[in-house]
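Enquirer: One structure coming up, written as structure tokens, with questions to follow.
The values are calculated or read from the model by the stated rules, or taken from the named source; none is laboratory data. Here the structure is a predicted model, which means the values were calculated and not measured. Methodologically, a virtual Cβ is constructed for each residue, glycine included, from the backbone with ideal geometry; neighbour enumeration extends over all protein chains shown.
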Amino acid sequence: MAEIDSSGGGKHKGGKKKGKKLSTRVDFTPMVDLGFLLITFFMLTTSMNKPQTMEINMPVKEDKIEDGSKVKASQAITLLLANDNKIVYYFVDPTTGAPGTPQITNYSAGGIRATLLKENKLRNSRIDSIPIYKSMLNNHKITEEEYKTNVSDIKNDKNALIVVIKASDHSKYNNLVDILDEMLICNIGRYAVVDITQPEIDMLKTVNLE
Amino acid sequence: MAKVKVPRKSTTVDMTAMTDVAFLLLTFFMLATKFKPDEPVIVDTPSSVSEIKLPESDIMLLTIDKRGRVFFGIDGQQTREALIQRMAERYKMTFTPQEVKEFSLQSSFGIPIAQMSQFLKMTNEEKGKADFSGIPIDSLNNELGDWIWQARLSNNNFRVAIKGDRDADMPTVKRVIAILQEKKVNRFNFITSLEKAN
């Protein structure tokens, strides 16, 4: 087995000098040590996971979104991303076209998410069937393909909530990603990131935000 | 009664098999490792629930750090070589073949093109210490737009990824998005990290 002949070149008792038989076996322990050391190093430096991303499609600059498709006022909610991790949202009055009272909320699950889920459900009752499709997918009752078509059909229902996201100059990048994340979580198919306008900046001022 | 003689066994074990396993694993990890490209700034990406993975190649990476500096990075050495030559032409500059070679090794940079030669002469330690100003993005001196445009001319299959810091300010982010739209990039990715379970 693995052992080192450490007997050294001791003198033999007999007078005749015999050619000593050296063992051909080598001790592998240091080699194993080295091997595992390098494994540890590579294991720690390897980054197996690729970074996560979020896809976003912006409208083509030339055709303005307002002209292309008229959004029904009752369907749209406008979210203004303000400073201090606050969101101000308002609805537009369908009859007068005037913006409604601004409400302040935040990025927590009980904040904007609850509002979005509630409002979306009011307009798009089919939204409840997404979890059912999800469980069907998990039980292999429907294919991935069917699941995707059904869900995107529900998400893009013509009555579904349309979210207009406007980030103020005092909000952070984190806020934008968070709100896009909420769009995913709340199954909102139609949303747009639009530039903030002066009346909205003024509106933020009325609630002491910027 | 005769005493049972317990044969004395050697305690040494054959290490060969263990060595085999160790080196097999070592080879695997060595081949599977892809070293992280060195980044000029540390960026703390926001988290999201999105599970889409970033494609491996053909990435144009725009990094925005918390001070609002913009860094530009692109995949592939040949593409970078082609890109620097196009940019040199665009800005009426000349780069020596050595500088072009050096540029092709840069994974990401954030300096105005006028300082490019100086930047390429720096050693890695100097780059680590240097305080880069970022690529100019204002409308008078829109170098980022040129970089994006020239890169798209060199290779049109690029996927644009924005890697922003959590605390990056919105005007810079909006400006970068506006530049992308100007350059007809209407589809891009935000790099995020996985949301911690809460």
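Enquirer: Tell me, which helices (runs of 4 or more DSSP H) lie completely within segment B:90-152 with 3 or more residues that are at pLDDT below 85 and not basic (Lys, Arg)?
Expert: On the way: elements: B:97-103, B:116-121, B:124-129.
Result: B:124-129.
Enquirer: If you go through segment A:167-186 one residue at a time, do you hit one that is within 14 Å of chain B (Cβ to nearest Cβ), among the hydroxyl-bearing types (Ser, Thr, Tyr) and in contact (Cβ under 8 Å) with a residue 12 or more places away in the chain?
Expert: There is at least one residue in segment A:167-186 that is within 14 Å of chain B (Cβ to nearest Cβ), among the hydroxyl-bearing types (Ser, Thr, Tyr) and in contact (Cβ under 8 Å) with a residue 12 or more places away in the chain.
Enquirer: Output the residues belonging to segment A:142-175 that are of a type in the set (Asp, Glu) and under 19 Å from A:Ile127 (Cβ atoms).
Expert: A:Glu146, A:Asp153, A:Asp157
Enquirer: What pairs come out if I take residues in segment A:29-48 that are surrounded by fewer than 14 Cβ atoms within 10 Å (Cβ to Cβ) and pair them with residues that are small (Gly, Ala, Ser) whose C-beta lies under 8 Å away, six or more apart or interchain?
Expert: That search, which allows pairs on different chains as well, returns A:Met48/B:Ala32.
Enquirer: Still on this model: Which condition number in (1) part of a loop (DSSP other than H, G, I, E, B); (2) surrounded by 13 or more Cβ atoms within 10 Å (Cβ to Cβ) is the one that B:Ser57 fails?
Expert: For B:Ser57, the exception is condition (2).
Enquirer: Determine which member of the set A:Thr101, A:Thr143 is within 23 Å of A:Gln75 (Cβ to Cβ) and free of Cβ contacts under 8 Å to residues at least 40 places away in the same chain.
Expert: That would be A:Thr101, the only listed residue that is within 23 Å of A:Gln75 (Cβ to Cβ) and free of Cβ contacts under 8 Å to residues at least 40 places away in the same chain.
Enquirer: Being aromatic (Phe, Trp, Tyr) and more than 7 Å from chain A (Cβ to nearest Cβ) is the filter here, so list the residues in segment B:178-198 that pass it.
Expert: Those that are aromatic (Phe, Trp, Tyr) and more than 7 Å from chain A (Cβ to nearest Cβ): none in segment B:178-198.
Enquirer: When only residues in segment B:22-51 that are loosely packed, with under 15 Cβ neighbours inside 10 Å and among the hydrophobic types (A, V, I, L, M, F, W, C) count, which is modelled with the highest pLDDT?
Expert: For segment B:22-51, the residue satisfying everything is B:Leu24.
Enquirer: So how many residues does segment A:171-210 have that are out of contact with any helix residue (DSSP H, G or I) (no Cβ under 7 Å at 6 or more places or on another chain) and not aliphatic (A, V, I, L, M)?
Expert: Going through segment A:171-210 one residue at a time, the tally reaches 14.
Enquirer: Here is a list of conditions, (1) free of Cβ contacts under 8 Å to residues at least 60 places away in the same chain; (2) out of contact with any Leu (no Cβ under 7 Å at 6 or more places or on another chain); (3) buried (at least 16 other Cβ atoms within 10 Å of the Cβ), and B:Arg187 meets all of them except one; can you say which number that is?
Expert: It is condition (3) that B:Arg187 fails.
Enquirer: Please work out which residue is nearest to the chain's Cα centre (by Cα), limiting yourself to segment A:83-102 and to residues that are part of a loop (DSSP other than H, G, I, E, B) and at pLDDT 85 or above.
Expert: Ranking the qualifying residues of segment A:83-102, first place goes to A:Asn85.
Enquirer: Part of a strand (DSSP E or B) and within 22 Å of the chain's Cα centre (by Cα): which single residue out of A:Lys148, A:Lys166, A:Lys134 fits that description?
Expert: A:Lys166
Enquirer: Would you point out the residue of segment B:157-177, among those that are more than 9 Å from chain A (Cβ to nearest Cβ) and either among the aromatic types (Phe, Trp, Tyr) or part of a helix (DSSP H, G or I) (or both), that is nearest to the chain's Cα centre (by Cα)?
Expert: In this case the residue turns out to be B:Phe158.
Enquirer: Examine segment A:145-153 for a residue that is surrounded by fewer than 16 Cβ atoms within 10 Å (Cβ to Cβ), within 14 Å of chain B (Cβ to nearest Cβ), more than 17 Å from A:Val88 (Cβ to Cβ) and at pLDDT 85 or above, and state whether such a residue exists.
Expert: Yes.
Enquirer: Looking at B:Leu153, B:Leu140, can you tell me which residue is touching a Lys or Arg at 6+ places or on another chain (Cβ under 8 Å) and surrounded by fewer than 21 Cβ atoms within 10 Å (Cβ to Cβ)? If you could, list the steps in order and put the result at the bottom.
Expert: Details: B:Leu140 fails: touching a Lys or Arg at 6+ places or on another chain (Cβ under 8 Å).
After ruling out the rest, the residue left standing is B:Leu153.
Enquirer: Quick check: is even one residue across segment B:65-83 exposed (fewer than 15 other Cβ atoms within 10 Å of the Cβ), without any contact (Cβ under 8 Å) to a residue 12 or more places away in the chain and away from every other protein chain (no Cβ under 14 Å)?
Expert: Scanning segment B:65-83, I find no residue that is exposed (fewer than 15 other Cβ atoms within 10 Å of the Cβ), without any contact (Cβ under 8 Å) to a residue 12 or more places away in the chain and away from every other protein chain (no Cβ under 14 Å), so the answer is no.
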